[in-house]
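The values are calculated or read from the model by the stated rules, or taken from the named source; none is laboratory data. Not measured: the values here are computed from a predicted model. Methodologically, a virtual Cβ is constructed for each residue, glycine included, from the backbone with ideal geometry; neighbour enumeration extends over all protein chains shown. Calculation scope for accessible area: heavy atoms of the full protein, side chains included, ligands and nucleic acids excluded. Shrake-Rupley method; radii C 1.70, N 1.55, O 1.52, S 1.80 Å.
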Amino acid sequence: MNSAASPNKWLVTLTIMIPTFIEIMDMTVVNVSLNHIQGSLSAGLDEVTWVLTSYLVSNAIVIPMSGWLASRIGRRRYLLLSVALFTSSSLLCGAATSLGMLVLFRVLQGIGGGGLQPLSQAILLETFPREEHGTAMAVFGMGIVFAPILGPILGGYITDNWSWRWIFYINVPAGILSVILVLLYIWDPPYLRNQVRKIDYWGIGLLVVGIGSLQLVLDRGERLDWMASTFIRRMSFLSASCLLLFVWQELRTSAPVVDLRVFRDRSFALGNVVMFSGFFAFFASLVLLPIYVQKLMGYTAWWAGWVLAPGGVASLVMMPLAARLLQKTDPRKLLFVGLALNAYALHLMSRFNLDADFMSILWPRVVQGFGLGFFFVPLSTVTVGRIPKEKMGNASAVFNLLRNLGGSFGVAVLTTQLARRAQFHHHRLAESFSPTYPPLQDALENLLPWMQGRFGAGSEAGLQKALGLLYAELNRQAFMKAFNDAFYLDVLFFLIPLPIAFLIRKADAPAGAPAPH
């Protein structure tokens with residue numbers, strides 16, 4: 001960036017966070033509109049889910065390549081192209097007249113949005129001086145954490161009051177504003193200008209196929225019963241083979257599309273392990289909790305969104321505070337506190353029961369929001385704190401890829417765990433569902449008078465209705481126990497990284513520290 005005309009760091013922050021926030025929100029804003037899209041475009045239930053899958057796959061493919069693309073065509077130019085493609089494809093998504101068109105435009109939208117997260121993180125870390133990196137990551141973290149929470153709330157409101165098409169149209173004015181701001185305030189740093197490299201075609205091909213296949217497996221595996229599906233088996237083999245070859249290719253080539261040598265920095269390697277594990281648990285909880293309150297507690301989608309919202313607000317409050325504390329406290333201690341608070345919040349969720357009121361469900365989310373501030377800000381700061389500026393784009397791309405993959409793995413594993421534990425608990429509870437079981441007899445005695453009063457004394461229909469109500473309650477209890485098990489498993493993914501927190505080195509390297517080789 002031209003130091004003589006360097007814009008205010010907060011104008012740069014605003015410039016890059018607007019499109020990044022919108023892009024992250026688009027990962028979840030469509031979820032609540034699928035039923036409306038299905039009816040409007042006359043699509044089947046399995047077909048309409050490709051609206052989600054297509055975006056996630058193309059997005060995941062572009063993220064790790066973003067550092068290489070920025071160094072090849074220029075960061076400013078790449079950011080402009082990304083925002084322009086994301087905005088124009090959003091307009092096309094809203095105007096789509098068939099499912100095929102919508103899926104195609106969602107692929108383009110994912111390609112345009114894929115580079116925004118790593119580019120934003122890299123630009124923030126370069127714009128803010130090293131001693132203010134905690135502040136930069138607090139701003140970035142607020143977008144990363146709050147956008148996927150706001151998405152379903154905003155998507156539900158827009159879909160109910162306007163049309164599903166407007167969840168895409170609202171991106172257009174924000175995108176146009178972003179293009180103008182990028183033209184005014186973003187410039188390439190000197191070390192990114194005029195970089196001419198040979199193209200790693202093998203690396204690009206293996207990355208596209210490997211990451212694309214992996215995202216397909218994670219997104220559709222539970223729906224297709226995992227390895228019982230020929231499609232999932234083939235995609236799993238293809239993904240594993242391509243990713244292993246990709247690692248081998250990138251470590252041997254002189255101009256890799258993703259420089260994996262950055263993992264030789266211990267802090268970067270360990271920080272990515274903690275980030276993967278933490279977002280594994282965090283995103284899984286974001287998916288499980290709304291399902292719990294809607295399926296078992298009778299909440300609407302709107303109220304389910306408001307169960308999540310206070311946790312996002314708590315994160316918004318805590319992240320700036322965490323940034324301030326970083327200047328006075330060992331970031332590893334803050335990270336330890338963040339991991340412990342998140343584990344405690346999920347432990348509280350694992351103790352939910354069917355009598356829980358709104359505040360009992362809300363409180364663990366608030367605790368989790370506080371914990372995320374102490375988790376994301378110090379972890380992001382120490383993970384990339386020793387990476388030189390010229391390597392920051394590549395490091396940020398890898399960091400954001402593993403964060404997103406952690407979330408995808410978490411949702412896939414925990415939703416599968418939920419389904420299987422529900423079957424297990426249903427089987428165990430059904431063993432006692434017999435007329436000779438004393439508690440069942442007592443429940444029938446309480447229900448039968450009311451049922452028979454409605455259907456007639458001695459009515460067989462009354463008995464069958466009573467048994468039906470008790471069986472429905474058995475299913476609720478089985479699902480409640482399954483959710484408890486899933487949340488309890490989620491706790492482990494915040495507890496396991498606790499010792500790793502103190503193995504990460506503090507980000508005290510000078511700005512000119514040599515890059516890891």
If the label point is 7 Å along Cα→Cβ of Gln423, which residues in the range 478-500 have backbone nitrogen under 14 Å from it? none
So for the pair Ser254, Trp202, with labels modelled 7 Å out along Cα→Cβ, what separation do we get in nm? 1.5
With contacts defined as alpha carbon pairs under 8 Å and 6 or more residues apart, what's the relative contact order of the chain in percent? 20
Scan the range 309-354 for trypsin sites (Lys or Arg not before Pro) in coil per DSSP, keeping those whose Cβ has at most 10 other Cβ atoms within 10 Å, and list them by number. Lys328
Read-out mean projected area of the Cα convex hull in nm², candidates (1) 34.0; (2) 26.3; (3) 41.2; calculated match is (2)
Give me the extension gain from Trp363 to Glu390: residue separation times 0.36 nm, minus the current Cα-Cα distance, reported in nm with one decimal. 5.4 nm
Find how much the distance from Ala240 to Thr49 grows on full extension, using 0.36 nm per residue of separation minus their present alpha carbon separation; answer in nm with one decimal. 66.4 nm
Label the range 318-430 by shape, choosing from rounded, prolate and oblate, from the square roots a ≥ b ≥ c of the eigenvalues of the Cα gyration tensor; if a/c is under 1.5 it is rounded, and otherwise prolate applies when a/b is larger than b/c, oblate when it is not. oblate
Between Leu503 and Tyr191, what is 0.36 nm times their sequence separation minus the Cα-Cα distance? Round to one decimal in nm. 109.2 nm
Mean Cβ neighbour count within 10 Å, used as a protection proxy, ranking 395-401, 360-366, 343-349 highest first: 395-401, 343-349, 360-366
Can you tell me, using C-alpha contacts under 8 Å and at least 6 residues apart, the relative contact order of the range 1-142 as a whole percent? 30
Accessible area of the range 248-289 belonging to carbon and sulfur atoms, whole % at 1.4 Å probe: 61
Calculate, for Leu11 and Trp162, the FRET efficiency according to 1/(1 + (r/R0)^6) with r their C-beta to C-beta distance and R0 41 Å; round to the nearest 0.05. 0.80
Please compare each pair in Lys9/Lys198; Lys9/Lys333; Lys9/Lys506; Lys389/Lys506 to a cut-off of 26 Å on the Cα-Cα distance and tell me which ones are over it. Lys9/Lys198; Lys9/Lys333
If the cut-off is a Cα-Cα distance under 17 Å, which aspartates and glutamates reach Lys328, setting aside same-chain residues fewer than 8 apart in sequence? Glu131, Glu132, Asp508
Over the range 44-108, what percent of the accessible surface lies on carbon and sulfur atoms, probe 1.4 Å? 76
Calculate what fraction, in whole %, of the accessible area of the range 137-216 sits on carbon and sulfur atoms when a 1.4 Å probe is rolled over the protein chains. 70
Quick one: accessible area per residue over the range 338-389, 1.4 Å probe, rounded to a whole number of Å²? 30
Using the heavy atoms of the protein chains alone and a 1.4 angstrom probe, what is the accessible area of the range 198-243 per residue in square angstrom? 51
